[in-house]
Amino acid sequence: MGALVHRNGLPICIKEMAADLWKSLLQTAKEKIIQQRRASLYDCAHGYQEELIKKKLQQFPGGSINLSKEGNGIGILTLNNPRLMNAFTGTMMLELQERVTELETWKEGKGLIVCGVGNTFCSGSDLNAVKAMSNSEDGMNMCMFMQNTLTRLMRLPLISVALVQGKALGGGAELTTTCDFRLMTPGSEIRFVHKQMGLVPGWGGATRLVQIVGHGAALQLLSGAVKVDPEGALRLGLSEKTLVSSDETGSLEEARAWLSLYTEGPASVIQAVKKVVTAGKELPLEAALRTEKDVFGSVWGGPANLQALVRRPKHK
Ligand SMILES: CCC(=O)SCCNC(=O)CCNC(=O)[C@H](O)C(C)(C)COP(=O)(O)OP(=O)(O)OC[C@H]1O[C@@H](n2cnc3c(N)ncnc32)[C@H](O)[C@@H]1OP(=O)(O)O
């Protein structure tokens with residue numbers, strides 16, 4: 001300890017502590033930037049022009065993406081464009097990116113419900129914007145913008161649920177696959193209509209669909225533009241449960257109750273659970289194991305762990 005050696009009137013150990021604190025603050029900031037870069041798939045090295053596409057998307061306004069963070073650590077992300085069956089306008093795509101950024105730093109967050117207003121989920125991208133941006137440069141930039149945002153949404157350290165009411169079509173169907181789980185109301189449908197539009201999914205929906213339902217079922221759903229009702233979705237493992245209620249308030253209440261079964265407990269632990277499962281899903285074995293070790297280190301000896309050791313609960 002250098003506490004007795006003084007320089008400029010300060011004991012050296014205090015200077016060392018200040019330097020350590022500064023280093024750790026810098027490290028945290030650096031880690032956050034690296035984390036965001038890692039979470040984004042595309043940058044200029046891929047020919048992605050983010051500022052250009054953001055300016056373009058501004059030209060197609062309407063609707064909003066609303067986020068409310070509830071005291072129990074559950075966030076409600078709502079698509080709000082009822083005039084167009086909650087189709088994604090350009091500004092809604094921009095707002096989605098902002099909300100995801102906000103959720104990435106929500107320390108108390110544990111779960112997320114993604115839903116739409118007006119008893120429907122989302123009818124995909126706004127066809128007016130799609131028509132105006134039907135050239136290759138805009139299409140590729142929009143594709144990369146949405147893949148970046150939806151990949152970050154999928155990797156949030158929150159347990160996420162898409163509450164599917166009414167229709168989830170095209171990009172709306174793709175959005176449901178960014179969530180960990182899907183809950184459907186009676187009479188609702190998920191439908192990848194891209195083929196009917198001369199397209200394939202481009203927001204990452206095909207890749208995620210294969211991971212959820214497997215290669216064969218994904219091929220059938222995309223090539224047949226199949227309408228998947230709640231029963232079919234349950235059979236395929238695309239949906240977790242068919243809710244009883246089909247109205248907006250009742251189904252949201254049911255979704256909250258379902259999600260709360262998995263978000264009980266401290267945020268640090270729930271977030272750690274999501275992180276290790278995401279690593280297991282996305283990374284090669286050894287990298288996943290190393291991530292699991294790091295995440296384990298973040299909860300080992302933490303407040304929840306120490307409290308549990310004092311309580312010594314029995315797991316009967
Ligand atoms: C990423 C790739 C993509 O997402 S491509 C887009 C895929 N989505 C579509 O093609 C959806 C096309 N829309 C439809 O099939 C029907 O409008 C659906 C959603 C089934 C609703 O039918 P219905 O209940 O009869 O209502 P409606 O057709 O009168 O619609 C109400 C108003 O909403 C509009 N709307 C709907 N979806 C979109 C959309 N994706 N983009 C732009 N506008 C959309 C309709 O045009 C209609 O507007 P208006 O009343 O005619 O002014």
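Candidates are the residues of the stretch 261-300 that are among the acidic types (Asp, Glu) and open to solvent by 100 Å² or more (accessible area, probe 1.4 Å); the one that is nearest to Asn72 (Cα to Cα) is Glu264. With respect to being touching a residue at least 24 places away in the same chain (Cβ under 8 Å), charged (D, E, K, R), under 26 Å from His46 (Cα atoms) and within 16 Å of the ligand (Cβ to nearest atom), Asp229 falls outside the description.
Screening Gln147 against (1) at negative phi; (2) within 15 Å of the ligand (Cβ to nearest atom); (3) crowded, with 23+ Cβ neighbours inside 10 Å leaves a single unmet condition, (3). If you go through the stretch 194-219 and keep only what is open to solvent by 30 Å² or more (accessible area, probe 1.4 Å) and under 26 Å from Ser251 (Cβ atoms), you end up with Gln211, Ile212.
Scanning the stretch 236-245 for any residue that is farther than 22 Å from Asn72 by Cβ, more than 21 Å from the chain's Cα centre (by Cα) and modelled with pLDDT of 95 or more turns up at least one such residue.
Looking across the stretch 103-126 at every residue that is near the ligand (Cβ under 10 Å from one of its atoms) and not in a loop (DSSP other than H, G, I, E, B), the one that is farthest from Ala257 (Cα to Cα) is identified as Ser125.
The stretch 156-208 holds strands (runs of 3 or more DSSP E) entirely within its bounds, and those carrying 2 or more residues that are more than 13 Å from the ligand (Cβ to nearest atom) and under 25 Å from Lys110 (Cβ atoms) map to 159-164, 181-184.
The values are calculated or read from the model by the stated rules, or taken from the named source; none is laboratory data. These numbers come from a predicted model, not from an experiment. When we count neighbours, we look across all protein chains shown, and the Cβ atoms used for this are built from the backbone with ideal geometry, even at glycine. Only protein heavy atoms, including side chains, enter the accessible area calculation; ligands, DNA and RNA are left aside. Shrake-Rupley method; radii C 1.70, N 1.55, O 1.52, S 1.80 Å.
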